[in-house]
Amino acid sequence: MKRWVIGNWKMHLNLAEAMTLAQSIAKFAPDFSHLNIAIAPSLPYLVPIREALKFTPPNFFLASQVVSQWEEGAYTGDVAATQLKKIVSHCLVGHSERRRFHHESGAVVAAQIRALLSVGITPIVCFGEVEKAERSGVTSQITRDLSQDLHGLTNKEIAACLFAYEPLWAISSQKNAQPAEPDYITQIVQTIKVWFRDNYGSEVVILYGGSVTQDNAGALGGLVIIDGVLVGGASIRGKEFHTICTQFAHIVR
Ligand code: PGA
């Protein structure tokens, strides 16, 4: 299975910068044919990028950062999954910044996942603990939260999602953020993968996210348990994003 390197551009870049970056990533993507590479630019840039990159390499994907929990209607500012269809193949849901600043609950995340799957867009479901704590406490908090995010979904639907383990305390926008240690990531992701297998009968894809940079990508790339990385801040620096892809391309599983 190909590993993923996904860039979450958050609310960064102007249109010209976004176009240039998207084009340069699409250009180098074929050099990493055994990786899947995706970018999640701001909403207004999705259509121009999609149009400019009509013939994208098969391992290059466009993702949205947001989707509405509702199908259609009077929801000012929301964007429906049906409206994203044909523009993106993937969409982030449950990101800690959406949960924190937009109060998106587990029930909202579950509705967003359902909406996306119903139109054939793959959800990238972000989860992770808010604070550093004992490992057993962390995994029980994560599984409790995930049970809400996945409430009402079938095993088949769950297996169709990608997941990203992003401990909030490791995300670079947090004060004193530090990337999680490789051993710690391995233990958590291993436990969560077993939990998925036991509870949903699914082998799921789990990426790691939180202060991934060119400096730690080598160590993260060496962790065979993770199926890739979700990169925030470093993903808007084209050269650095390329270096991160290089580090992940070293290990073919
Ligand atoms: P970061 O962000 O790489 O800047 O820590 C990751 C994310 O929020 O997805």
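What to note about this one:
- Considered as a group, the residues in region 32-50 that are free of Cβ contacts under 8 Å to residues at least 60 places away in the same chain and part of a helix (DSSP H, G or I) include one that is nearest to Val66 (Cα to Cα), and that residue is Leu43.
- Selection of region 168-210 for residues being outside any helix (DSSP H, G or I), at pLDDT below 95 and within 16 Å of the ligand (Cβ to nearest atom) yields Ile171, Ser172, Ser173, Gln174, Lys175, Asn176, Ala177, Gln178, Pro179, Ala180, Glu181.
- Unmet criterion (only one of (1) within 16 Å of the ligand (Cβ to nearest atom); (2) among the small types (Gly, Ala, Ser); (3) at pLDDT below 95) for Gly128: (3)
- Qualifying residue in region 155-167 (condition: within 16 Å of the ligand (Cβ to nearest atom) and more than 30 Å from Pro30 (Cα to Cα)): yes
- Of all the residues in region 211-221, those that are assigned to a loop (DSSP other than H, G, I, E, B) and more than 10 Å from the ligand (Cβ to nearest atom) number 3.
- Sole exception among (1) free of Cβ contacts under 8 Å to residues at least 60 places away in the same chain; (2) out of contact with any helix residue (DSSP H, G or I) (no Cβ under 9 Å at 6 or more places or on another chain) for Glu203, by number: (2)
- Residue that is farther than 18 Å from Thr243 by Cα, in contact (Cβ under 8 Å) with a residue 40 or more places away in the chain, in contact with a Pro (Cβ under 9 Å, 6 or more places away or on another chain) and not aromatic (Phe, Trp, Tyr), where the choices are Ala81, Ala63: Ala63
- Residue pairs whose Cβ atoms lie under 8 Å apart, sitting 6 or more positions apart in sequence or on different chains, and linking a residue in region 222-248 that is under 22 Å from Gln190 (Cβ atoms) and surrounded by fewer than 18 Cβ atoms within 10 Å (Cβ to Cβ) to a partner that is of a type in the set (Phe, Trp, Tyr) and modelled with pLDDT of 95 or more, are Leu223/Tyr208.
- Any hit, region 84-97, residues being farther than 25 Å from Cys126 by Cα and surrounded by 14 or more Cβ atoms within 10 Å (Cβ to Cβ): no
- Any hit, region 69-89, residues being more than 16 Å from the ligand (Cβ to nearest atom), in contact with a helix residue (DSSP H, G or I) (Cβ under 9 Å, 6 or more places away or on another chain) and within 23 Å of Val212 (Cα to Cα): no
- Scanning region 222-253 for residues that are touching a strand residue (DSSP E or B) at 6+ places or on another chain (Cβ under 8 Å), assigned to a helix (DSSP H, G or I), at pLDDT 95 or above and away from the ligand (no atom under 14 Å from the Cβ) gives a single hit, Cys245.
The values are calculated or read from the model by the stated rules, or taken from the named source; none is laboratory data. Since the model is a prediction, treat every value here as computed from it, not as a measurement. Cβ sites come from the backbone with ideal geometry, for glycine too, and all protein chains shown count toward neighbours.
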